[in-house]
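Enquirer: Have a look at the structure that comes next, please.
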DNA sequence: TGCGATTCTATCGCTCACGATATAAATCGC
DNA sequence: GCGATTTATATCGTGAGCGATAGAATCGCA
C-alpha cells in the first residue's frame, strides 16, 4: 500500500545528501566553516566577486537564505558586502584576503570527500551529471543578470 | 584552483535534494504535510507502529530532530506517542485513524513525483540504489533494536 | 517627465537538522 | 541487590532553508 521510505528515490536522495553533509562536517570543522558557507566561499573564489543575485543563481538560493548567511561570513571577516554604486538595489560580494586564504585551504576538501565515497573519478563525474540533470528537470535555473 | 560548486558532486547532490523538496512541496501542501512529516507518516504506515529509535534508524534521524517533529504531528492528530509499558525509556509511536487516512492519501504522491523526474521506472530504481549505496558507504546505518 | 510596475535585497516566522547535554529507566558487575 | 554504566528520549542553542512580505531603487511606458 504505502511505499516505505527505503524504497523511494526521494528518500535515497534526501538521505544521501544528509550523509554527504555528515561526511563533510569533520573536513570543514577545522576551518570553522559550515557546508553552505563552504559553497559560498568556493563560488566566490572560483567565479570571482559577484552580486547576491548571481551567487543565488549559482547556488540555487534566495536572499532570504543568503542574507543572514552572508552576514555571518562578513562578521567572520571572510567577505565584504557593499551596495553597487551604479545600481543601489544590488549588493556586491567580495572575498577578503582572509577569505581567499581560507578558500585556498578549503580547496583540498573535495579530494578528501571523493576518497570517502569510494567512487572513481569517472563514476563521480557521471553521478554528478545525472544529479545535475535531474535537478534541472525538477527546477530549471533562473537566468542571472548583471 | 578552487573548484566551482557546479563542478562538485557534493553540490549536485545537495542541489538535487533541494530541487526534490521543492518538487514535493506542491504535492504535500494540500495535505498539510512537510517533507519530513511525509517520511514519518510513510514509515509508520508501511512498517507499522514502532519506537522513536526504530523510526530514527529507518529515517537516519536522531531524537533531537524527531521529538519536536513527532510532537507537532501528535498535536495535528496524526499519531500517538506513549511510553512502552515494558521499557519506559522507549516511546512507541502509532498512527491514529486520521493519520492512516492521510497516509493513504499521501500514497499517491510518489507517482506524481516520478512523473516530474522524467525518468522511467528502471532509471528511478537504479539511481535510488546508487544513492542508497553511496549513503551507506558515507554513513553506515546504526543497528536498530526492539 | 512622471508614475506604476518590476527588480533586488532584507526581514519575519516557521520547520528541520544537529552537537552538546540532561534525565530517567534499565542493565551490568560485583 | 546496589552502585556504575549504558540506553532511550528530550531539551537547548545555532545555522539553514523557505514562504510571505516589506522597502528601496530602477525601469518602462504613457
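Enquirer: Looking only at other chains, what is the average number of their beta-carbon atoms within 10 angstrom of each beta-carbon in B:92-100?
Expert: 0
Enquirer: Please build a GNM for chain A, connecting alpha carbons under 10 Å apart, and tell me which residue among A:70, A:13, A:44 fluctuates the most.
Expert: So, out of A:70, A:13, A:44, the one fluctuating most is A:13.
Enquirer: Please state the shape class of region B:46-146: rounded when a/c is under 1.5, otherwise prolate if a/b exceeds b/c and oblate if not, all from the C-alpha gyration tensor.
Expert: Oblate is the answer for region B:46-146, as a/c is 1.5 or above yet b/c matches or exceeds a/b.
Enquirer: Only Cα pairs within less than 10 Å get springs; with that Gaussian network setup on chain B, which residue of B:62, B:74, B:115 has the largest fluctuation?
Expert: In this elastic network of chain B, the residue with the biggest mean-square fluctuation among B:62, B:74, B:115 is B:115.
Enquirer: For region A:1-65 and region B:21-44, compute the distance between their C-alpha centroids and round to whole Å.
Expert: Their Cα centres are 21 Å away from one another.
Enquirer: Residue by residue through B:123-134, how many Cβ atoms from other chains fall within 10 Å of the Cβ on average?
Expert: 6
Enquirer: Next up: Between 0 and 90 degrees, rounded to the nearest ten: what's the tilt of helix A:35-47 against the longest Cα principal axis of chain A?
Expert: 60 degrees
Enquirer: Between the helical axis of A:9-28 and the dominant principal axis of chain A, each derived from Cα atoms, what acute angle in degrees is found, rounded to the nearest 10?
Expert: 50 degrees
Enquirer: Along Cα-to-Cβ, 7 Å out, sits the label point; list in nm, shortest first, how far the one on residue A:85 is from those in the other copies.
Expert: Ordered by distance, the counterparts are at 7.8 nm.
Enquirer: With the label 7 angstrom out along Cα to Cβ, how close does residue A:97 come to the same site in each of the other copies, in nm, nearest first?
Expert: With the label placed 7 Å along Cα→Cβ, residue A:97 yields 7.2 nm.
Enquirer: If I stretch the segment between residue A:65 and residue A:137 completely, what's the gain in nm (0.36 nm per residue apart, minus their alpha carbon distance), one decimal?
Expert: 23.7 nm
Enquirer: Next question. Taking 8 Å as the Cα distance limit and 6 or more residues as the minimum spacing, I'd like the relative contact order of chain B as a percentage.
Expert: Value for chain B: 24 percent.
Enquirer: Report the calculated FRET efficiency for residue A:57 and residue B:81 (r = Cβ-Cβ distance, R0 = 51 Å), to the nearest 0.05.
Expert: The calculated FRET efficiency here is 0.75.
Enquirer: Follow-up. Any chance you could run the full-extension gain for residue B:104 through residue B:4? It's 0.36 nm times the residue separation minus the Cα-Cα distance, nm to one decimal.
Expert: This chain segment gains 31.7 nm when fully extended.
Enquirer: Name the shape class, rounded, prolate or oblate, that the alpha-carbon gyration tensor gives for region B:88-146, where a ≥ b ≥ c are the square roots of its eigenvalues, rounded holds for a/c under 1.5, and otherwise prolate holds if a/b is larger than b/c and oblate otherwise.
Expert: In terms of gyration-tensor shape, oblate.
Enquirer: How far is residue A:28 from the same spot in each other copy, in nm, shortest first, if each label point sits 7 Å from Cα toward Cβ?
Expert: For residue A:28, the inter-copy label distances come out at 2.1 nm.
Enquirer: Now for a separate question. Using only helices, what value at 222 nm comes out for chain B when you add -39,500 (n - 2.57) per DSSP H run of length 4 or more and divide by the total residues, to the nearest 500 deg cm²/dmol?
Expert: -20000 deg cm²/dmol
Enquirer: Moving on. Using a Gaussian network model on chain B with a 10 Å cutoff between Cα atoms, which of B:108, B:34, B:122 fluctuates the most?
Expert: B:122
Enquirer: I'm checking a number: the convex hull volume of the Cα atoms of the protein assembly as shown, normalised per residue, in Å³. What is it?
Expert: 151 Å³
Enquirer: While we're looking at this one, here's another question. Would you mind checking the tilt of helix A:121-138 against the longest principal axis of the Cα atoms of chain A, expressed as 0 to 90 degrees and rounded to 10?
Expert: Helix A:121-138 and the main axis of chain A meet at about 80 degrees.
Enquirer: For region A:77-112 and region A:117-132, what is the centre-to-centre distance using only Cα atoms, to the nearest Å?
Expert: Using only Cα atoms, the two centres lie 28 Å from each other.
Enquirer: In addition: Please report the residue of chain A with the smallest beta-carbon distance to the A-to-B rotation axis, and give that distance in Å, no decimals.
Expert: Whole-Å result, nearest residue of chain A to the axis: A:17, 2.
Enquirer: Turning to a different aspect of this structure: Other chains near B:41-47: what is the mean number of their Cβ atoms within 10 Å of each residue's Cβ?
Expert: If you average over the peptide's residues, the count of other-chain Cβ atoms is 5.
The numbers here are math on the coordinates, done by the rules we state, and not lab data. Bear in mind the structure is a predicted one, so any value in this text is a computation, not a measurement. All Cβ positions, glycine included, derive from the backbone under ideal geometry; neighbour counts span all protein chains shown.
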